[in-house]
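*Asks:* The structure follows.
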């Protein structure tokens, strides 16, 4: 058995004296593991970094075996983002959440395309922090935990949706949710509409929303029932950078990557 594909490296761990076991999120073969011979060498270190885009060849005697990878580096995103702490932390969170969330060897072509676009946008596109929050929303959907943000859970109304029920994951309108507002989760417009934003408070609410459902729905299936620590570090770095931008401008907070006056 063998195949060729492109992918995003998710993780690498030493195996024996000189090899490494890596996981790659590929376009057509999903999250896939394999051994890289010589993966512990200095030559391979720049390639085996989380978030690196690679060209991959996988081979095994039979499909059920772990198999072996041959990887060629396409883009080393970690090196590109060394001077951008928030973007680098987001890259590590993307790799960690994908590695723990997606089932092995199941293709997710739409999520792969979204992930590749986001990885390329980190530190480059002004709206990448909001795109990261929307990526977490898309990940929930791929895992079968998608939120219904198109209608009100109480009335079925499709307008003025500003809350989400923490129990059902369905949106709630302003009027229907008013009596229970303290128990509901804020729904920022960019999450509801699938757009992007540079507003700090909206971004913070969006990351809180996706984080709540990742923790409540994905978390119980994970070791120690906890999300990867990389996710918390990414959110902290994104919001810290946004807060610094707000203090500098004294106005509406720009998020990391947004042009500053």
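The values are calculated or read from the model by the stated rules, or taken from the named source; none is laboratory data. Bear in mind that the values here come from a model prediction, so they are computed numbers and not experimental data. Here the Cβ positions follow ideal geometry from the backbone for every residue, glycine too, while neighbour counts run over all protein chains shown.
*Asks:* Exactly one condition in (1) surrounded by 15 or more Cβ atoms within 10 Å (Cβ to Cβ); (2) out of contact with any helix residue (DSSP H, G or I) (no Cβ under 6 Å at 6 or more places or on another chain); (3) within 22 Å of residue 86 (Cα to Cα) is false for residue 117; which is it?
*Replies:* (1)
*Asks:* Report yes if residue 171 is at pLDDT 95 or above and buried (at least 18 other Cβ atoms within 10 Å of the Cβ), otherwise no. If you could, list the steps in order and put the result at the bottom.
*Replies:* Numbers: at pLDDT 95 or above: yes; buried (at least 18 other Cβ atoms within 10 Å of the Cβ): yes.
Yes.
*Asks:* Conditions: (1) touching a strand residue (DSSP E or B) at 6+ places or on another chain (Cβ under 8 Å); (2) crowded, with 19+ Cβ neighbours inside 10 Å; (3) within 23 Å of residue 227 (Cβ to Cβ). Residue 148 meets all but one. Number of the miss?
*Replies:* Among (1) touching a strand residue (DSSP E or B) at 6+ places or on another chain (Cβ under 8 Å); (2) crowded, with 19+ Cβ neighbours inside 10 Å; (3) within 23 Å of residue 227 (Cβ to Cβ), the lone unmet condition for residue 148 is (2).
*Asks:* Moving to a separate point now. Identify the single condition in (1) touching a helix residue (DSSP H, G or I) at 6+ places or on another chain (Cβ under 6 Å); (2) crowded, with 19+ Cβ neighbours inside 10 Å; (3) farther than 28 Å from residue 240 by Cα that residue 154 does not satisfy, given that it satisfies every other one.
*Replies:* Result: residue 154 passes all but (2).
*Asks:* Scan segment 228-261 residue by residue and report those that are at pLDDT 95 or above and outside any helix (DSSP H, G or I).
*Replies:* Passing the criteria: only 228.
*Asks:* For segment 159-166, does any single residue satisfy the condition of being crowded, with 21+ Cβ neighbours inside 10 Å, touching a residue at least 40 places away in the same chain (Cβ under 8 Å) and not assigned by TED's automatic domain parsing to the domain that holds residue 239?
*Replies:* Yes: segment 159-166 contains one or more residues that are crowded, with 21+ Cβ neighbours inside 10 Å, touching a residue at least 40 places away in the same chain (Cβ under 8 Å) and not assigned by TED's automatic domain parsing to the domain that holds residue 239.
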